[in-house]
1. Identify, by number, the condition in (1) more than 13 Å from the ligand (Cβ to nearest atom); (2) free of Cβ contacts under 8 Å to residues at least 60 places away in the same chain; (3) of a type outside the set (K, R) that L200 doesn't meet.
2. Given the conditions (1) touching a residue at least 40 places away in the same chain (Cβ under 8 Å); (2) among the small types (G, A, S); (3) within 15 Å of V150 (Cα to Cα), report the number of the one that G219 does not fulfil.
3. Only one residue in L248, L282, L264, L277 is closer than 24 Å to V347 by Cβ and more than 13 Å from the ligand (Cβ to nearest atom). Which one?
4. Provide a single number: the residues in region 251-261 that are charged (D, E, K, R) and either in a helix (DSSP H, G or I) or within 8 Å of the ligand (Cβ to nearest atom) (or both).
5. Which one is surrounded by the fewest Cβ atoms within 10 Å (Cβ to Cβ), of the residues in region 218-242 that are within 13 Å of the ligand (Cβ to nearest atom) and either assigned to a strand (DSSP E or B) or at pLDDT 95 or above (or both)?
6. Is region 37-50 home to any residue that is closer than 25 Å to T105 by Cβ and surrounded by 15 or more Cβ atoms within 10 Å (Cβ to Cβ)?
7. Yes or no: region 301-317 includes at least one residue that is of a type in the set (D, E), more than 16 Å from the ligand (Cβ to nearest atom) and part of a helix (DSSP H, G or I).
8. Among helices (runs of 4 or more DSSP H) lying entirely in region 334-399, which contain 2 or more residues that are within 25 Å of A103 (Cα to Cα)?
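The values are calculated or read from the model by the stated rules, or taken from the named source; none is laboratory data. Here the structure is a predicted model, which means the values were calculated and not measured. Cβ: placed from backbone, ideal geometry, glycine included. Neighbour counts: every protein chain shown. The area values use the complete protein model at the heavy-atom level, side chains included, leaving out ligands, DNA and RNA. Shrake-Rupley method; radii C 1.70, N 1.55, O 1.52, S 1.80 Å.
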Amino acid sequence: MAVPKDNLERTTPLMGAGSVLRLIRDTEGMTRSDLARVTGLARSTVAQRVDALLAHELVYEGRASASTGGRPPILLTFNHRAGVVLVADLGATHSRLAASDLAGTPLAEEAFDLDIAAGPERVLQMVHEHFIALLAALDRSANDVRGIGVGVPGPVAFHLGQPVKPPIMPGWNGFSIPDWFASRYDAPVLVDNDVNIMALGEHWANWRGTDHLMFIKVGTGIGCGIVAGGMIHRGAQGAAGDIGHIRLAAHGETLCRCGNAGCLEAVAGGEALAHRLAEAGLDAANSRDVVRLVRAGDATAVRMVREAGRLIGEVLAGCVNFFNPGVIVIGGDVGQTTDVLAGAREVTIQRSLPLATGDLDIVASRLGDRAGVVGAAIMVIEHVLAPEAVDKVVQGAAA
Ligand SMILES: [Zn+2]
């Protein structure tokens, strides 16, 4: 649908360098004439915007390959090497860190054991030391860092970058993660719940054409990240998607760490499964042991995990009827076993309304362990390269 001319005239003066960069980022390269045609801006204005972006090395010029003979036009291409973003996906017991370019491509990654319960000072100091090592490996310095993204296993007040009463993160309640990094890097720091960044990563990498997505993480606990209308939906208090504490009526006697009984997580989460396998005499202390037993073909573990998948499916069926997602992506270490996926798929399809499941995909996470770092990088990049943010940088330098 064409934009009415009236609207175009009213909006084009607002199309600053940041909006022009947005257009260039979405393509393999554009000429100045392309930009004038697409934006409706005068050629002289396009030239100003492009000069500002060139001055900040956010775009570079190159010649397109000549296909029809003659002088090939000059293409403007996004310079994804104009800085790096540092990201940390912090789990309860293990973490993954990455340094990415401004297109979200990871340049260096590292995974290691890290106990989130050691508290913010010790954990963030360790993260910082690993960040420095990643930068050194890339021959980059703290000055090249354009933004930092952190995912944590608990609820987060997103606008403050502070965990809010996180059940498994003692010492972190109200701790400002951006403030901690402020003296070490001159870059914005964004913090979100780990499942939200996984949802964002999976959506960006594999489901960009799907507006409504649910990402279910089945690890030690069970959580859900929601992409609604292409955006992360956090809810009023950052607690949206906490499906692990939805009650299963048939399991009302099982106590949950949240204080209630019969929660999905208390019955079908990795920790609960490990506990029950240990009671059955098997060597299982955590979710990774559950996965190991399932992969080894242990019949008790396979049966238990498939049943957990069905229970997850019961809760998902309610979510599907309520939210009508285009895709449900299942991740987390336990979630990535085919048995959980099979159980969840079976019951979700069985119990949801046919209209809501007509085009519904229920799939395993393709990014796997890396969904969090990919999503955290995208969260930061979309923030620092948002048109308003770029305009500010460009104007700040001009002033
Ligand atoms: Zn609970």
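1. Every listed condition holds for L200 apart from (2).
2. It fails just one condition, (3).
3. Just one listed residue meets the conditions, L277.
4. Within region 251-261, residues that are charged (D, E, K, R) and either in a helix (DSSP H, G or I) or within 8 Å of the ligand (Cβ to nearest atom) (or both) number 1.
5. Result: G223.
6. So far as region 37-50 goes, yes, one or more of its residues are closer than 25 Å to T105 by Cβ and surrounded by 15 or more Cβ atoms within 10 Å (Cβ to Cβ).
7. yes
8. 371-384, 387-398
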